[in-house]
């Protein structure tokens, strides 16, 4: 008996060792990959129910996850120096594409976000979610930190140009996320607290001022967040139905494919922005906690990896990937539970939708590259 | 700050780590906020949101209860329910609304002129709610649609229950009809209890027993999605759905004898008139007919404006329930009541004969009151005056009695007030009772002695309905017992088939009238049909059973200056109304009948033959012999069900029976026969 136990253990260790060697060769971080895989799997289970057993939808999601995984693995193998040197070019291309969208973009649901490239439709704003933090990290890489006022001016231009273009599409959620991605880089670079405080004040003032220039539906979303019951069938409908779904789920949930809010179409956009509510309804508080723990693990691991980064570019970009991912999760969970206003932010790796999965996995690919190549860069 | 800054990698690393830890702290705090919010929603407020989620998807749909049947005493169903098919259209599912409707017109399932209205109705509804576009398809139409159903997406045949009167107009004035619920109906009902119900009783038994016939609607909960559409596969969500089955309405059993009813309607065909036949011993209405009648099926599924106008504008007033609502002078049929009053009050000696010429004038006046045909009565006593209907005799008797005395007697025979029949709409007629006189002639001015004189022959300020006349006849038949006329004898539970029989209501007994007085008057009424000088002698000749009857002719116009009444010269609408009342057999009556034929002239010629045929049909078997007293009947109530005596009648039932029992036991009685010694 004793002998067998020992041998089993050693066989396990041998297997692990083999897997680790493969991962190492692929320049992939095992724990992070495991976390991402678990979240994606969880997401597929939920999507199957939320989409009312829509197999084609599920298949498309699997294909996108596969595409994202391929890109992630590819990026993980790219030398970070190459990435760094590519950053300005990527950024420039991104801005040009955004200009192209403004000029010849495809209008869908009242917003011009898509670029029709024959068979493929492409959202350049997704590219900017990566290109902006890369550009910022690239800019700060050679410069002494914390950044000076002149640096901040340049960084502001780098960040705000795409933000303005995306906000004009209009896609406020993505614009905010792009801005947040760039800002996080600057923040991690050591932006002074006074400046942060000033920026916060300016942001609030800008928000109030910006309200006047908001598109109707953006303002409605804000108003309905402040008082959802004011328009139970109007703008507040999403928030109310989402909270009913989550609240009625209770601790243990109603069970897989048994969420009445989702099945009976009371929950709007239940496969995309509000898929978190489906989880809350069908799997309850426990199911939500499980998902959030997975996310926490991914974020913690990402943050840990980025802290191991050998140079400024790696650390700043890695930190930005980790924190942006957190912001995704927080805003989505916050908006479905009524904690923050409804902004169109998908739940990463779970919400149905094309570009976002690829972008998120690309980000982690870059993170893995930065970490796994650390010994090559002195 | 130094002018030239160099990168300090160690310091930058430390700075990044501090910032990363700070960010980590912010993230943990944010995560805690989300967790707190989740705890609030999913634990603290779980019950609240569960209720909201439940209410979100559940819609309650009523299940209408089956309306109770209306059944005649022999078990024939007069009002039933019939499955019908309606064409329902769900706008959402119809790709080409106009095209589909036009196509239906081509199949002759729709009228082309109905399309604009239909489109307006369809567009005013929710697009997922189905709209009826055509009600009550015939079998051929159902077949025609069914084979081409695939050509009509979104248009379906929907099975419904509709009220159906299988015999059409038969007994419509007793049974009544149902119609769609109107705004004024809604004031009398609880709208919640009628959710899902399409029709409501409007007249007759359908209205009087609406509560019992309607039953209790049930409901079923169905799952709907956010658009309000029913979910076809509710799956795991179905477990909480509740269904409350409806409770069908009670079946109502009528006293009507359809054989008599059919005959009465047949005999009245082509005339304006009414027939009411009663079982005198319990008030059961054997027949209640008003002519012309109408088909209640028209109303049951929504009558068209054109059809309704045709009924309303018909000069013969088919919608007018003559049996309950026509208020006419009674003519000479009132004479037995006057005679009974006079005998009881000692105003007349039945043995004393007086000479009655063809006319009479009031003392101190030269206005002449004629006999109807200006005939001379000769020496007549009370009995002969009734037999030959001598007006002059009764002018004098009425004058002697005075309006106060006559007015006090008339209510005893059911005049001047409703009979209490168990369906709505009856008129109370008019009798110069002391109360009525006090109201209309408070100072005795305006009422002339002549007005009293003509009361003696049932003219002037005295009006009665055919129902009141039948009721009066049944009081004569029972020698003073007054039962409330009734159509409904029992209620049957459709599930258990148990019948709850209602007790007849005895609401009066004329005990002050002596048997001797009854004997005089009833033998006179018998004489009307047997004495060669009787007004109904020829109409009732050779009857195999004895009949007590009285003719009446109600004048609608004053005679001309010469006192002549020229039938041919008078327009039909103003010709005299013909009455006949009768009960038979005389000593043991089983049926009392009143017949009114409007504008037909002499009561003996128009009304009496109808009454005779009805009594024959009820009393005689196929061999022409008198039937046994209680023929077996499928739904007959148990013999010996004692009548409910209303508070107005003080005597006990046995005392009533003793007082009222004729010389021979009333073998025709269903109620009291078993009590006979």
Could you tell me which of the residues A:324, A:336 is touching a helix residue (DSSP H, G or I) at 6+ places or on another chain (Cβ under 8 Å) and either within 10 Å of chain B (Cβ to nearest Cβ) or farther than 24 Å from residue B:15 by Cβ (or both)? A:336
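May I ask you to verify whether residue A:325 is within 15 Å of the chain's Cα centre (by Cα), closer than 18 Å to residue A:39 by Cβ and surrounded by fewer than 24 Cβ atoms within 10 Å (Cβ to Cβ)? Before the answer, list the steps.
On the way: within 15 Å of the chain's Cα centre (by Cα): yes; closer than 18 Å to residue A:39 by Cβ: yes; surrounded by fewer than 24 Cβ atoms within 10 Å (Cβ to Cβ): yes.
Spelling it out, residue A:325 is indeed within 15 Å of the chain's Cα centre (by Cα), closer than 18 Å to residue A:39 by Cβ and surrounded by fewer than 24 Cβ atoms within 10 Å (Cβ to Cβ).
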For the range A:237-266, the count of residues that are more than 8 Å from every other protein chain (Cβ to nearest Cβ) and in a loop (DSSP other than H, G, I, E, B) equals 5
Consider residue A:162 carefully, then state whether it is touching a strand residue (DSSP E or B) at 6+ places or on another chain (Cβ under 7 Å), touching a residue at least 12 places away in the same chain (Cβ under 8 Å) and away from every other protein chain (no Cβ under 14 Å). no
Any residue that is more than 9 Å from chain B (Cβ to nearest Cβ), buried (at least 24 other Cβ atoms within 10 Å of the Cβ) and within 10 Å of the chain's Cα centre (by Cα) - is there at least one of those in the range A:309-319? no
Pick out the one residue from B:299, B:320 that is modelled with pLDDT of 90 or more and closer than 30 Å to residue B:84 by Cβ. B:320
Whichever residue in the range B:352-370 is within 46 Å of the chain's Cα centre (by Cα) and part of a loop (DSSP other than H, G, I, E, B) and, among such residues, is modelled with the lowest pLDDT: B:367
Which residues, taken from the range A:174-193, are more than 14 Å from chain B (Cβ to nearest Cβ) and either surrounded by 24 or more Cβ atoms within 10 Å (Cβ to Cβ) or assigned to a loop (DSSP other than H, G, I, E, B) (or both)? A:174, A:177, A:178, A:182
Got a sec? Which helices (runs of 4 or more DSSP H) wholly within the range B:433-545 have at least 2 residues that are closer than 30 Å to residue B:171 by Cβ and either touching a strand residue (DSSP E or B) at 6+ places or on another chain (Cβ under 7 Å) or free of Cβ contacts under 8 Å to residues at least 60 places away in the same chain (or both)? B:466-477, B:515-530
Which helices (runs of 4 or more DSSP H) does the range B:1-118 wholly contain that include 2 or more residues that are out of contact with any helix residue (DSSP H, G or I) (no Cβ under 8 Å at 6 or more places or on another chain) and over 30 Å from residue B:298 (Cα atoms)? B:9-39, B:46-57
Only one of A:208, A:200 is within 14 Å of chain B (Cβ to nearest Cβ) and at pLDDT 75 or above. Can you tell me which? A:200
With the structure loaded, tell me whether residue B:58 is surrounded by fewer than 17 Cβ atoms within 10 Å (Cβ to Cβ) and either closer than 26 Å to residue B:245 by Cα or more than 7 Å from chain A (Cβ to nearest Cβ) (or both) or whether it fails that test. no
Scan the range A:267-281 for residues that are more than 11 Å from every other protein chain (Cβ to nearest Cβ) and part of a helix (DSSP H, G or I) and jot them down. A:275, A:278
Candidates B:157, B:223, B:213, B:186 - the one that is surrounded by 12 or more Cβ atoms within 10 Å (Cβ to Cβ), free of Cβ contacts under 8 Å to residues at least 12 places away in the same chain and either away from chain A (no Cβ under 14 Å) or touching a helix residue (DSSP H, G or I) at 6+ places or on another chain (Cβ under 8 Å) (or both): B:186
Residue B:161 versus (1) part of a helix (DSSP H, G or I); (2) under 37 Å from the mean Cα position of the chain (by Cα): which is the lone unmet condition? (1)
Any residue at all in the range B:64-85 that is more than 14 Å from chain A (Cβ to nearest Cβ), in contact (Cβ under 8 Å) with a residue 60 or more places away in the chain and closer than 26 Å to residue B:225 by Cα? yes
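The values are calculated or read from the model by the stated rules, or taken from the named source; none is laboratory data. If you're wondering where the values come from, they're calculated on a predicted model, not measured in any experiment. A quick note on method: Cβ atoms are made from the backbone with ideal geometry, for glycine too, and the neighbour counts reach across all protein chains shown.
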